[in-house]
Structures are given as structure tokens and as C-alpha cells.
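One structure is given below, encoded as C-alpha cells.
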Protein chains: 2
Amino acid sequence: MDEFSFIKSIQQGSYRQPSVIHGIGDDAAVFRLHNQDVVTAKDMVVENVHFARNTMEPYHIGYKALAANLSDIAAMGAKPAYYLVAISIPNNWSMEEIKMIYIGMNDLAQQYHVDLIGGDTVSGTELVISITVIGFVGKDKVRLRSHAKEDDIVFVTETLGDSQAGFYILNHSGKYIEEDYFIRRHQLPSPRVEFSLALHPIVRLCLNDISDGIGSEANEIAEASQVSILIEEERLPVHHNLKQFEDSLQYKWKLFGGEDYELIGTVSKKDWDQVQAIAEQLHIRVTKIGLVTSKSATAEVYLKSKNGRIERLDKKGYNHLSR
Amino acid sequence: MDEFSFIKSIQQGSYRQPSVIHGIGDDAAVFRLHNQDVVTAKDMVVENVHFARNTMEPYHIGYKALAANLSDIAAMGAKPAYYLVAISIPNNWSMEEIKMIYIGMNDLAQQYHVDLIGGDTVSGTELVISITVIGFVGKDKVRLRSHAKEDDIVFVTETLGDSQAGFYILNHSGKYIEEDYFIRRHQLPSPRVEFSLALHPIVRLCLNDISDGIGSEANEIAEASQVSILIEEERLPVHHNLKQFEDSLQYKWKLFGGEDYELIGTVSKKDWDQVQAIAEQLHIRVTKIGLVTSKSATAEVYLKSKNGRIERLDKKGYNHLSR
């Protein structure tokens with residue numbers, strides 16, 4: 001298969017978004033929007049850094065790469081509309097496997113009516129995928145990390161650490177309870193797009209998606225909003241079968257385990273009931289995990305442990321460039 | 001330097017585009033536009049496939065990678081506004097070298113008032129850069145490959161093959177006339193943004209940028225517009241000092257030499273004078289190289305050689321996935 005026929009093979013037959021004016025097939029794609037702000041994010045994943053073939057099928061790789069990007073758009077309170085994919089393909093990947101990556105992306109894209117409108121295919125010595133996602137949001141309705149305020153309730157969606165538990169199961173053969181659940185959470189994460197959009201009636205809300213673990217994401221909110229945050233370990237929501245793993249693993253995964261793609265947010269106490277009601281309607285679990293304690297230029301995040309001790313919780317997310 | 005301080009170091013102090021609402025620093029960037037269409041393109045370059053350190057300084061790598069993307073936006077008749085950069089960094093590149101890549105991009109971006117609004121930095125085993133560029137264009141004013149019509153004049157900007165000549169000089173030590181010129185054309189190409197924007201008064205125009213050689217680009221126009229095109233070899237504009245190279249090299253470079261980032265276009269005969277006048281005002285050379293000869297579903301491109309023979313000119317562009 002040459003580049004031209006490959007590009008034809010991954011093109012959608014039609015576009016789901018009426019706002020697409022020209023999709024794939026020219027120097028650039030064209031779209032039109034009405035009276036909305038545009039939100040855009042871009043990321044890159046590399047084989048054997050972000051994923052490995054022994055734990056992820058090509059389909060999962062595509063699905064999850066797009067899920068991570070849709071999660072960024074959800075964390076802005078925006079509705080994802082399009083994505084562009086650049087891929088560098090090494091010789092040891094077959095074109096059938098590469099196509100499965102695109103099928104994984106397309107299956108997720110279909111759920112959210114998101115269109116593939118462009119990209120690039122090149123050759124290299126390792127598989128690298130870069131996705132750009134574009135979404136829309138009402139004017140000035142974007143949910144920023146800087147929107148947290150003193151006395152806000154800090155919450156997260158669903159449960160934390162599942163993705164790392166799934167990754168652990170895939171790498172350590174053995175018997176596990178509900179292993180399919182944890183593996184699925186690792187390979188096929190669900191971006192919280194509907195929940196984020198349903199929160200629309202709430203005027204002020206701070207949102208961040210959990211890609212590097214809540215330790216890291218809570219610190220990003222604290223820094224951007226210039227506040228201090230107190231998180232209570234006891235309140236951190238975990239799946240009831242996470243307890244089959246060693247305590248130290250549970251602790252690491254729920255606080256620093258990345259790739260859950262859940263949302264962490266803060267909201268004023270008066271709006272917390274509404275957040276809970278919206279979550280209930282969508283059958284999304286939402287849990288209060290702490291409070292924004294004070295305006296603070298030092299922007300610290302504290303963790304109150306189960307034993308009552310309060311300590312600084314630092315980023316400890318995966319930092320790609322530390323040398 | 002860790003990821004966080006690196007991202008801080010490449011952030012612009014302020015944004016050139018008033019339409020940027022939030023740049024780098026959250027899950028996604030946000031922008032707002034008024035009554036215009038949005039154009040977006042994305043590409044990827046890989047070390048030792050698209051560039052090598054022995055012929056390109058880090059500064060050139062960044063400059064040229066962005067130039068290629070701005071050229072795509074120019075080929076749509078649009079005004080570039082923002083770019084996002086994802087980069088995978090191997091261990092054998094220092095952070096100072098990586099910073100020079102961003103400085104190269106920023107110097108070009110500054111010329112066009114284009115803003116870096118997002119991206120990603122990850123680690124890998126080879127240097128990979130993916131740029132997404134976003135531009136604006138008046139509603140329905142986009143210049144598509146499908147806009148060519150029978151009897152149109154086919155033209156190109158400036159001269160062809162210079163980039164490949166520069167690449168040749170960099171790889172074959174020796175004495176060359178105007179070697180700085182050719183090397184500059186290879187390392188620091190100029191996207192034809194101003195020219196494309198100045199063509200705005202012309203209602204119908206077909207544009208494509210020359211990244212893979214005019215053989216390839218003319219075929220793309222023929223296919224998209226369902227027309228046949230005749231190009232006359234004699235008319236192809238080359239630099240007067242290209243003649244210092246072997247005839248066979250000149251021939252290959254002007255027809256199939258990629259990376260010139262000039263524009264190939266077609267325009268009705270009645271508008272050709274205006275195209276020339278606009279080019280003259282901007283001190284851009286523009287040359288008629290042939291004609292759109294007929295409506296044709298077979299979409300063929302022919303080359304009339306200097307000896308008068310007419311033959312099919314096929315794509316022969318660099319095809320990344322041919323195996």
C-alpha cells in the first residue's frame with residue numbers, strides 16, 4: 001500500500017460535523033463555526049515510552065491516543081469536533097496494524113461525532129503518533145485550571161488508579177478479580193465528554209483531566225488559581241476490587257497513577273448539589289475529595305493521610321524530560 | 001531542565017494575535033474568530049528521513065518545519081495565525097539544541113505574527129517534530145486544488161529546484177557559484193504567505209504548494225479538478241546559476257525536487273495580468289509554465305520537453321509508505 005492509497009483507506013466516507021467545509025484532500029482542512037470559541041490541544045505518543053505492543057493491541061493504541069485528546073477537550077468544558085493525526089511508521093509495523101490504529105480512533109470518534117480532517121503519514125524507526133483535536137465551546141464558557149476559588153469543593157469523577165492496575169495485571173501474570181475491568185480501563189479509557197458538557201449550567205467551575213495522576217493535576221490547579229488545596233486520602237474513590245493489590249501499589253496508583261482520564265474539578269459549595277445531580281443523571285460517579293483551603297501565592301497541595309497526618313503532595317507526575 | 005521549565009522557556013511572553021484567548025498553560029488553547037473560516041494542517045518530520053544534522057542546524061530544522069506548514073496555509077489562500085508543536089526528544093540531543101529548534105520556529109513565526117499556542121514534549125529514540133498550524137480565511141474564499149478550469153494558465157512563484165541544489169552542495173564539497181543562496185533556499189525556505197493573501201481580489205484561483213516537486217503537485221491539481229494539464233519544460237523558471245549543475249540533476253530538481261515551498265497555481269486568462277501585477281508589487285517572480293488543456297476524467301499531466309516531445313509527467317514525489 002502506498003501513501004496515497006493508505007490515506008484514501010483511512011478517509012471517512014462522510015463527515016459527521018456539518019461545520020466541515022473541506023476535510024482530507026487538500027493542503028489543509030477547512031471548517032466554519034458560529035459564535036463559539038475554538039479549543040485545540042495536541043499531544044504525541046511514542047512506542048515503548050507511552051505504550052508497548054505486549055500490553056496494547058494496535059486498536060487500543062489508536063483508541064486510547066484519541067481518548068487522551070478528547071479528555072483534554074472535556075477538561076476545557078468544550079465539545080470535541082475534529083482531529084488530525086500525524087504518524088511515523090517504522091518497517092516492523094504492517095499496514096494492516098497501522099490501519100487498526102486508525103480503526104480504534106475512528107470507533108471512539110464515532111461515539112462523539114468527531115471527524116478526522118487531516119494529518120500526515122511518514123516513515124521513521126519507531127512508531128510515533130501525534131493527534132491534534134479541535135473543539136467548540138460557548139464564548140467565555142471555557143473551564144480553566146485558574147478558576148478555582150477559596151472554599152470550593154474539590155471532586156473527581158469515577159475511580160482512580162484503575163488504569164495502572166490494568167497495566168500491572170497485563171505485566172504480571174496471575175489470577176485477579178475483575179481483571180477484564182481493569183484491563184479495559186487501561187486500554188480503552190472513557191473521556192468524560194458528556195459529563196463536562198452537562199455541567200454547562202454551572203457558571204464557574206474549574207476542570208483538569210487526570211493524565212499524570214491527581215497529585216500532579218491538583219498542583220496544576222493550585223498553581224494556576226493561586227490557591228492551596230487539601231485532599232483527604234480517605235475520600236479518594238477507588239474501585240472496590242483495587243484492594244486485592246498491595247497497599248503500597250494502591251497508594252501509588254490512586255495518587256500518582258496516570259492515564260485514568262477522569263476529571264478533577266473544583267466548584268463552589270452552593271453548586272455542589274447540582275454537580276452531583278448532573279453526575280447521577282449520567283450515571284457517572286462523582287466524589288468530593290477535599291477543599292480549596294485558601295488563597296495562597298505559594299500554591300500548595302496537602303494530603304491528609306488515613307492516619308490523620310497532613311503532608312505536602314507534590315507533582316510526581318511522569319516528567320518526560322527529567323535527566 | 002525538566003519538562004515544566006522547558007515549556008516555560010519556550011512560551012511566548014505575549015501573543016501577537018488578539019484572537020488568542022488562552023495560549024499555553026491549560027489542557028488546551030482557546031481562540032476566537034469573527035466571521036471567517038478556519039484552516040488547519042498538520043505534518044510530521046523525522047530525523048534522518050526529512051532532515052539530518054550534518055546539513056541542518058537545529059535553528060534551520062525548526063524554521064523549515066514551520067515554513068512547510070505556513071506554506072500549506074498559504075496554498076489555501078489563508079492567513080496563518082497559530083501553531084502547536086509536539087516533539088519527541090532523544091537522549092543525544094541537548095536541551096540547548098532543542099531550544100534552538102524552537103527559536104528557529106519563533107523567528108519565522110514572528111515575521112508572520114503567528115503564535116505558538118500549544119503542544120507536547122515527550123522522549124523517544126529519534127527526533128520527531130509534528131506541527132499543527134491554524135489560519136483564517138474569508139468565508140468561501142479558500143483556494144482549493146479542485147478550482148482549476150479548462151483554459152487556465154498554470155503558473156509558479158520564483159524558481160524551482162533551488163532547495164535540492166542547496167542540499168546537493170551541502171552533501172558534495174566543492175566550489176559552487178552562489179552556494180550561500182542555494183543553501184539558504186534549502187535551510188530557510190520562504191512560504192509565499194504575502195503573495196497568496198495579496199491574490200485575494202481574484203475570485204477563482206487554484207493553489208497548491210510545492211513540497212514534493214511540481215510533477216506531484218500538478219498531478220494533484222489535475223486529479224482534484226478533473227482536468228488535464230500541459231507543462232512546457234522550457235518555461236520552468238530556474239535560477240540562472242542552476243546551470244552549473246549537470247543537466248540530469250537540473251532536470252530532476254526542477255520537476256521532482258521537493259521542498260521549494262513555492263506555489264503552483266492556475267488562473268483564468270483574463271485574470272493572469274492581475275496575478276502578474278500583484279507579484280510585481282511584492283517583488284515575487286511569477287512565471288506561466290503551461291495550460292489547463294481540457295476537462296478530463298483521466299486527469300493527466302503532460303510535459304512538453306525542450307525537444308518538442310510530449311510525454312506523461314507522473315507524480316514521482318517522495319512517497320513515504322511505498323514498500
- line: Under the 7 Å Cα-to-Cβ spin-label approximation, B:N241 and B:Q12 lie apart by a distance in nanometres of 3.5 nm
- line: Expressed to one decimal in nm², the mean projection of the alpha carbon convex hull of the range A:145-312 is 9.4 nm²
- line: For A:K270, counting only aspartates and glutamates whose alpha-carbon sits under 18 Å away and dropping same-chain residues fewer than eight positions off, the answer is A:E150, A:D151, A:D152, A:E280
- request: Report P(r) for the range A:112-244: all Cα-Cα distances, bin width 10 Å, range 0 to the bin holding the largest distance, values in whole percent.
  value: 9, 30, 33, 23, 6, 0
- request: With runs of 4+ DSSP H residues as the only contributors, calculate the mean residue ellipticity of chain B at 222 nm using -39,500 (n - 2.57) per run, divided by the residue total and rounded to the nearest 500.
  value: -9500 deg cm²/dmol
message: With just the Cα atoms defining each centre, how far is the range A:139-167 from the range A:253-286? Give it in Å.
response: 6 Å
statement: Relative contact order in percent for chain B (Cα pairs under 8 Å, 6+ apart) equals 22 percent
For q = 0.08 Å⁻¹, Debye-computed log10 I/I(0) when each Cα of the protein assembly as shown counts as one equal scatterer: -0.60
field: Förster radius 30 Å - calculated FRET efficiency between A:N307 and A:R285 (Cβ-Cβ, nearest 0.05)
entry: 0.70
- prompt: Across all directions of projection, what mean area in square nanometres is found for the Cα convex hull of chain A?
  reply: 17.8 nm²
- line: Taking Lys and Arg as +1 and Asp and Glu as -1, residues besides B:V267 with C-beta under 14 Å from its C-beta add up to +2
- prompt: Hey, any idea what the orientation-averaged projected area of the convex hull of the range B:3-138's Cα atoms comes to, in nm²?
  reply: 8.0 nm²
message: Using a 10 Å cut-off around each Cβ, can you sort B:I134, B:I202 from fewest to most neighbouring Cβ atoms?
response: B:I202, B:I134
task: Kindly state, to the nearest 0.05, the FRET efficiency for B:T55 paired with A:T298, given R0 = 51 Å and r defined as their beta-carbon distance.
output: 0.60
- prompt: Around B:R285, which amide H atoms from residues at least 5 apart in sequence, or from another chain, sit under 5 Å from its own amide H, with H modelled in the peptide plane?
  reply: B:E158
- prompt: Over the range B:1-155, what is the percentage of antiparallel beta bridges among all DSSP beta bridges, to the nearest 5?
  reply: 70 percent
field: Dipole magnitude of chain B about its Cα centre (Cβ charges: Lys, Arg +1; Asp, Glu -1), debye to nearest 20
entry: 760 debye
statement: Dipole check, the range A:128-167, charges on Cβ (K,R +1; D,E -1), about Cα centroid: among A:L160, A:F136, A:S146 the Cα furthest to the positive pole belongs to A:F136
query: Is there a pair in A:K79/A:K288; B:K175/B:K288; B:K243/B:K315; B:K79/B:K99; A:K175/A:K304; B:K269/B:K306 whose C-alpha atoms are over 28 Å apart, and which pairs would that be?
result: B:K175/B:K288; A:K175/A:K304
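Coordinate-derived values only; no laboratory data. Everything numeric in this text was worked out from a predicted model, so none of it was measured. Note: ideal-geometry Cβ built from the backbone for every residue, glycine included; neighbour counts use all protein chains shown.
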